[in-house]
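These notes concern the structure reproduced below.
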Amino acid sequence: MAYEHRQDWNFALFSANLHQYLPDMHWGVHDLVYEVWKTVHQPKKIQPDETWDTACLSDLKQASPRIICLYHLGMHAQLPKVLADAGISFDLLLDRRVFENQKAQLLAVQSDLQSQGSGYRFLMSDDPQVLLKARQSIRQGRHLLVFADGNSGTGESLDKKVCIKFMDGNFYARAGIAWLSYILHIPVLPISHSEMKPGYRLLLGTEIAPFLNEHRSEYAQRCLFELYDFLAAQIRKSPWQWACWGYLHQLNCYLVPPMPSKDEQPPADESLIDISLMGKKGVFSRKYFYCVFG
């Protein structure tokens, strides 16, 4: 089958990102995954139209505050409203760049949520007082809501991140969620969803909390691994669900493998793909992230 996206730069990067963590997936399957991915991630309204089964939240409504972690799995724009409609009170911790890019949409959501009679504040991750504000949220009985993926700190060097095993590769993640959990003595709760026609069902992961006498760095490693392992289970079943395939290369979250020498290079490298970029035609290696124009 001939795909229109075959020489598209966005597909080339998507495919390269996919290969980093699912290297056993045949290159030919990438085309189908990409087509489904584009359909799944069409812009959606923040106000949920679908039916949501939130029965799993019954205990959380009565529980002490947690750090609730969401993921970019197709319905992420709706999940804050789904949680609020189910009676979960929270403040949203997010990256300032994300806030500025989606400011109008986020403020509209905040206004809608606040009309239900709770705070629903935005906390910026780069705010020098973010720890104090997060502590205040906890003391006032609100959860902290954060997206665990999709913002791995593009401006931070890898040595400032935590390297964890993720699917079939390594992922360099920011440790902020784990630090907050450790310092504030509150557990981390991952939440995902599954489709149940008609509608969707929320899925709760296993809570993550520090062990007695566990060192902060050890907890960060374990916490982040468990957060991303929960995500990996969702992705392996339906890789097109993860929005981040389209921009993973921008997150500074993995090391590109070194290019082999000419003697080591296989004569027929299926990772090579013809591309067209800014009017120029070239060849891109999805395995080693290099491009040759001619």
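The values are calculated or read from the model by the stated rules, or taken from the named source; none is laboratory data. Everything numeric here is computed off the predicted structure, so don't read it as measured data. Cβ: placed from backbone, ideal geometry, glycine included. Neighbour counts: every protein chain shown.
Just one of the listed residues (GLN110, GLN78) is at pLDDT below 85 and assigned by TED's automatic domain parsing to the domain that holds ALA233, and it is GLN110.
Within the range 238-255, the residues that satisfy the criterion of being closer than 12 Å to ASP149 by Cβ and either part of a loop (DSSP other than H, G, I, E, B) or touching a strand residue (DSSP E or B) at 6+ places or on another chain (Cβ under 6 Å) (or both) are TRP242, TYR247, LEU251, CYS253. Could you list all residues from the range 211-222 that are touching a Phe, Trp or Tyr at 6+ places or on another chain (Cβ under 8 Å) and either in a helix (DSSP H, G or I) or closer than 23 Å to ASP159 by Cα (or both)? Listed by number, the residues that qualify are ARG216, TYR219, ALA220.
Across the range 154-174, the qualifying residues are those that are of a type in the set (S, T, N, Q) and under 16 Å from the mean Cα position of the chain (by Cα), and the one among them that is surrounded by the fewest Cβ atoms within 10 Å (Cβ to Cβ) is THR154. Of the helices (runs of 4 or more DSSP H) lying entirely inside the range 58-168, those containing at least 1 residues that are among the small types (Gly, Ala, Ser) and free of Cβ contacts under 8 Å to residues at least 60 places away in the same chain are 58-62, 79-85, 103-114, 130-139.
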